[in-house]
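The values are calculated or read from the model by the stated rules, or taken from the named source; none is laboratory data. Remember, predicted model here, so these are calculated numbers, not experimental data. Every residue, glycine as well, gets a Cβ built from its backbone with ideal geometry; the counts of neighbours run over all protein chains shown. To get the accessible areas, we keep the full protein, side chains included, count just its heavy atoms, and leave off ligands, DNA and RNA. Shrake-Rupley method; radii C 1.70, N 1.55, O 1.52, S 1.80 Å.
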Amino acid sequence: MTVEQRRHLATEIPGPESRKRLELKRTWVADGVGTVLPVFVVEAGGGVLVDVDGNSLIDLGSGIAVTTVGNAAPAVVRRITEQAQAFTHTCFMVTPYDGYVDVCAALAELTPGDHAKKSALFNSGAEAVENAVKIARRATGRTGVAVFDHGYHGRTNLTMAMTAKAMPYKHGFGPFAGEIHRAPVSYPLRDGLSGAAAAERAIDVLEKQVGADQLACVVIEPIQGEGGFVVPASGFLPAIEQWCRERGVLFVADEIQTGFCRTGDWFACEDEGLVPDLVATAKGIAGGMPLAAVTGRAEVMDAVHVGGLGGTYGGNPVACAAALGAIEAMRSLDLVARAREVGSLMERRLRAIAADHPVVAEVRGRGAMQAVELCRPGSTEPDPARTAAVSSYCHSQGVVTLTCGTWGNVLRFLPPLVIGDALLEEGLEVVAEAMTATR
Ligand SMILES: *Cc1c(COP(=O)(O)O)cnc(C)c1O
């Protein structure tokens, strides 16, 4: 690892060189493309980002759960380099190559269930979700799609309709795709329901307001990402899955944020033994290269006519090489086990912070996907202002933190799994400082 693993502030954040570039960004880049922490990065690795002013920042976000194996991970760089020197594109739909097939074989092995599986590869998470819906509709001959409150599935037209939160994802961008039906999710902090009761509530909405026989699929994040790292009460997901089975509705897991070791399993569905009909993956799959997949029961995947799935760049050979490198690193470094270690370290530190700060209504998550939800003390009234203040204090001290949640009142922590314990502790120490400084 060439990037020195330390936090170091050479200037204020953002520094003068980043500020100059920010002016260029204002000139040339559409304002709609925002940035959370406007330092311009020149190098990154392990748990550190280095910017143009020579600042080294601790990365607790992994570029939104993408660089799980670390930035510029050696196995990823080696395979990308070899592939880029050999060829960069043919279009798999024109002339195929090994990398695509090898990624699909790896997905069949790694995703939950030991049934026959096949995959199709795409460029982004949203594209994977869209294709999962296409496949489910073709396989069932039905059109309805069930999604959940606080769900996030992307920013394309279909996936905007599936995403719950209006601002900033949907506001003014309609009309949206039809046949999308939203059900209440299990959100233990806010509904206090058992998994079984929350599932009954959701199923009642789907049965009475939509009709099971109208539904092609239920699409659900096993732990909601953008929606606030909402972990459903145990039993909720298995009950939804079982209802899907009984009613001929396909159970589609959106594991785009939770997948590839993040939660301390290869996939979050494993925690309760769920076996989805289709799984959408992206983010952590390829060490930072754009790649996404739909993996599912062979007979469901094969319901689509030849030529019905694809795209010019889907499963690009360099992205596939990166995925094979990332999977190699996850295996050789045992990142499933590492995610559990990182998770228990984070949970311990976050619980200590919560004990000192009544604004923390809940610490939740699984493995290396942990969050704190901030509410007015003694209530569940969201406190987005405090959340933003804590996050920007962390940024000013050289720690990259992200927020999420329907009310913007959740601080989420998704460090690369190759971060060292000392650096992670230091990052969380800054979070603790930020809580005190913003009191
Ligand atoms: C990020 C995300 C998406 C969309 O992925 P993109 O690659 O940004 O299109 C979909 N679902 C979940 C759960 C995500 O976290």
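The condition (being away from the ligand (no atom under 16 Å from the Cβ) and open to solvent by less than 10 Å² (accessible area, probe 1.4 Å)) is satisfied by just one residue among Gly284, Gly325, Gly310, Gly259: Gly325. When each of Arg331, Arg338, Arg386 is tested for being without any contact (Cβ under 8 Å) to a residue 40 or more places away in the chain and assigned to a helix (DSSP H, G or I), the lone residue that passes is Arg331.
One residue is enough: does segment 210-227 have a residue meeting the conditions more than 18 Å from Glu130 (Cβ to Cβ), among the hydrophobic types (A, V, I, L, M, F, W, C) and either in contact with a His (Cβ under 7 Å, 6 or more places away or on another chain) or crowded, with 23+ Cβ neighbours inside 10 Å (or both)? Yes - at least one qualifying residue is present in segment 210-227. Checked against (1) within 13 Å of the ligand (Cβ to nearest atom); (2) assigned to a helix (DSSP H, G or I); (3) farther than 14 Å from Gly314 by Cβ, Asp102 passes all but condition (1). Hey, could you check segment 86-99 for residues that are more than 11 Å from Pro317 (Cα to Cα) and without any contact (Cβ under 8 Å) to a residue 40 or more places away in the chain and say which is least open to solvent (accessible area, probe 1.4 Å)? Only one residue tops the list, namely Thr95.
Put simply, of Ala139, Ala146, Ala105, Ala128 the only residue that is over 19 Å from the mean Cα position of the chain (by Cα) and within 13 Å of Leu278 (Cα to Cα) is Ala139.
Annotation for segment 308-320: at least one member residue is more than 21 Å from Phe87 (Cα to Cα) and of a type outside the set (Gly, Ala, Ser). Is there a residue in segment 187-208 that is modelled with pLDDT of 95 or more and within 15 Å of the ligand (Cβ to nearest atom)? No, because not a single residue in segment 187-208 is modelled with pLDDT of 95 or more and within 15 Å of the ligand (Cβ to nearest atom).
Just so you know, in segment 4-16 the residues that are in contact with a strand residue (DSSP E or B) (Cβ under 9 Å, 6 or more places away or on another chain) and in contact (Cβ under 8 Å) with a residue 60 or more places away in the chain include one that is farthest from Gly398 (Cα to Cα), and it is Gln5.
Can you name the residue in segment 288-300 that is open to solvent by less than 10 Å² (accessible area, probe 1.4 Å) and of a type outside the set (Val, Ile, Thr) and, of all such residues, is farthest from Glu328 (Cα to Cα)?
Checking each candidate, the answer is Gly296.
Candidates in segment 105-157 are the residues that are within 21 Å of Gly308 (Cα to Cα) and among the polar types (S, T, N, Q); of these, the one that is least open to solvent (accessible area, probe 1.4 Å) is Asn131. Of all residues in segment 131-164, exactly one satisfies the criterion of being within 13 Å of the ligand (Cβ to nearest atom) and over 15 Å from Asp254 (Cβ atoms), namely Asn157. The residue pairs whose first member lies in segment 153-177 and is outside the structural domain of Thr403 (by TED's automatic domain parsing), whose second member is within 11 Å of the ligand (Cβ to nearest atom) and open to solvent by 80 Å² or more (accessible area, probe 1.4 Å), and whose beta carbons are closer than 9 Å, counting only pairs six or more residues apart or on different chains, are Thr163/Arg155; Tyr169/Arg155; Lys170/Arg155; Phe173/Arg155.
Scanning segment 63-99 for residues that are in a loop (DSSP other than H, G, I, E, B) and either closer than 14 Å to Gly325 by Cα or within 16 Å of the ligand (Cβ to nearest atom) (or both) yields a total of 8.
When segment 1-37 is filtered for residues that are within 23 Å of Gly420 (Cα to Cα), surrounded by fewer than 16 Cβ atoms within 10 Å (Cβ to Cβ) and not β-branched (Val, Ile, Thr), the ones remaining, listed by number, are Met1, Glu4, Arg6, His8, Leu9, Ala10.
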